[in-house]
1. Classify region A:270-370 as rounded, prolate or oblate from the Cα gyration tensor: take a ≥ b ≥ c as the square roots of its eigenvalues, call it rounded if a/c is under 1.5, otherwise prolate when a/b beats b/c and oblate if not.
2. How much net charge surrounds residue A:309 when only the other residues with a Cβ under 10 Å from the Cβ of residue A:309 are counted, with Lys and Arg +1 and Asp and Glu -1?
3. For region A:156-261, just run the numbers: alpha carbon Rg, then divide by 2.2 N^0.38 Å, N being how many residues it has.
4. Please check region A:70-115 for residues whose accessible area, probe 1.4 Å, is lower by 40 Å² or more when all protein chains are in place than in their chain alone.
5. Can you pull a Stokes-Einstein diffusion coefficient for the protein assembly as shown at 20 °C (1.002 mPa s), Rh from Kirkwood over Cα pairs, as a whole number of µm²/s?
6. Report the local net charge at residue A:238: Lys and Arg +1, Asp and Glu -1, summed over other residues whose C-beta lies under 12 Å from its C-beta.
7. Strictly under 4.7 angstrom between C-beta atoms: which cysteines of chain A have no such partner?
8. Over region A:198-331, what portion of Cα pair distances is larger than 17 Å, expressed as a whole percent?
Amino acid sequence: MTTLDLIATLVKILVMVGFLFNVAGLLTWVDRRLSSMIQDRIGPNRAGLPLTKKITLRLFGLLHTAADGVKFFTKKDFMPPKADKLLFSLAPILAMAPVLALAAVIPMGDTVSLAQVGPRKLCMDAEGHALGLFVGDQCLDAAKNIVTAFASTATQWPAASRLGMNSSQGILHLSIAPLNVGILYIFAMAGQGIVGAAIAGWSSDNKFSLMGALRAASQMVSYEVTLGLSLVGAMMIYGSVRLQDMVIWQGENTWGIFVQPLAFFLFFTAAVAESKRIPFDLPEAESELVSGYFTEYSGMKFGMFYFAEYMEIVTSSMLLVTIFLGGWQLPFLHRDGLTLQFGDTMIIQQKVGHLAMLVIGVLAFFGKTLIICLLQAFVRWSLPRFRYDQLQKLCWQTLLPLSLANIFATGIIWLGLQSGGAPVAAGLKLASDITQGVVAVVLIGLVVWAIIGMFSPSRHLTQILGTSAKRAAKRGGTVTDPMQA
Amino acid sequence: MISTYAPMFLMIFVALALAGVFFLGASFLGGKLKKTEEMMMPFECGSDSSGGNHLKLSVKFYLTAILFVVFDIEAVFIYPWATQFKNLGWNGLFSMFGFLAVVIVALVYCVKKGALEWEN
């Protein structure tokens, strides 16, 4: 491991941890804001920086997150007198660290070919054809001969080739550790979360905590089975457990959600259950167990459990994006640029520089992750909580058989299609191009809808129900937050 | 070999260090604790706690844990086959169907025995 590798690794860790922390912090705000929108109330709007006597900077309640952080750090750090001191202290660390460590294998973008990242200077003849590379003050052609007769020079951002990497000057993976055991590492780390929850409940010396920990452990081990088996179909199609290979397969063919639609929903359900959120939040059901296995925790130790939960949403969204939603890939954008092609009919082909494609890829990955995070927040505020026997029944008697059936179906359909020969293969190629087209249209539609929504004036509904809402409406809402009711 | 796994260990170390920073911050910055008798009681919504706090647990939880071990190990057996599925072809698929049939029989047995019933 050279110094350069070490620096690159540290930068990647900084980016990944920074993204996780910031988005997890933002999600606590999004959760509250979304719940207030869904439940037709004002939501958080009190915390603010007083700029002058009358104007307070409130930023749509965004400062509540910062206020929370300060509060967590300055609250009393309580430990029950009869608690197991070592285990009680160890539990929050065990809950938080694996979620962060899990992100090590997730690819943030395409592999960087260091030779092609920077611009290069070409020398051209009068018609604009490249004659060779401009090195120092001489022009060298492919055979390293000096070319003297050139008309002009031009700077070019080189495009990578679609297949294979130019590794003459080395390559840089945009995941912290590009392990070939990718998914197995993720399962290993995800499994550690169970230990943190179980230890927290056991060491707290509290009945509610113990019951919460039991529920948490039992629920998480149950859904771990579905989580593991639902991905078998995806592994069969991609032929690898390395996350980079999975994303590359999806870029060459079509997104995983189209080849493994059932597995996507099974994995999504199991991932929500693993992060112990509504509708699977039995371990911390407020109406029954106060807050479950972390009832006795206070201050930042409670904050660590709370934060770990939100980071788990982000990491599970990242996994969903990587395995089922094409990772850093966007429809028709390949490593070498834009190729709009249906079957064998080429419509547009435009080469784009390697660096630009890398930036687009990284932005696409993080953008998709944010969309899935938002989807998880919507799920939380739209569904009621399960009963515990329903939860276990759903796992063992519905999701587990379905994930086994998915393996059967994937095997038979894939091998059946393979024995179909060339016409079937051409049909599949066309079908995958059409799915890419559908995705492109949906993505563009989403962007247009979001832009229109941002610039159109907010509608004020006239029906106001609650008395407090009526009073607020009479005043015209608060200073920075006009009534939405 | 080392260069492949070194970044992974570095990330695990960073994760533990960050968790440790949060943890230490909690104990250094937190306010002074005034120990009152009420505060030191196990939290139970205001009512006095009675009996020990380590309850007898329902056997269902143990049963679920054992079932998890059985089915998760089966999943681990399936992974190597899944990555080699395209090379193994129909032969490999039918061998795996045989293995999965055993898993399904085990699952059906568990359901029929009532191992997954939480109602009673």
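1. Values: a/c = 6.64, a/b = 2.89, b/c = 2.30.
Since a/c reaches 1.5 and a/b is larger than b/c, the shape of region A:270-370 is classed as prolate.
2. Numbers: positive: A:276, A:277; negative: A:281, A:284, A:312.
After counting each charged neighbour, the total is -1.
3. Cα-based Rg divided by the globular estimate yields 1.55.
4. Checking the loss per residue gives A:73, A:76, A:77, A:78, A:81, A:93, A:97, A:100.
5. Numbers: Rh = 27.3 Å.
For the chosen part, D equals 78 µm²/s.
6. Numbers: positive: A:242, B:86; negative: A:245, A:252.
With Lys, Arg at +1 and Asp, Glu at -1, the net is 0.
7. A:373, A:395
8. Working: 5536 of 8911 pairs.
That fraction is 62 percent.
The values are calculated or read from the model by the stated rules, or taken from the named source; none is laboratory data. As the structure is a computational prediction, the values presented were derived from the model and not from experiment. Because the Cβ atoms are built from the backbone with ideal geometry, glycine has one as well, and the counts that use them run over all protein chains shown. Just the protein is used for accessible areas: all its heavy atoms, side chains included, with ligands, DNA and RNA removed. Shrake-Rupley method; radii C 1.70, N 1.55, O 1.52, S 1.80 Å.
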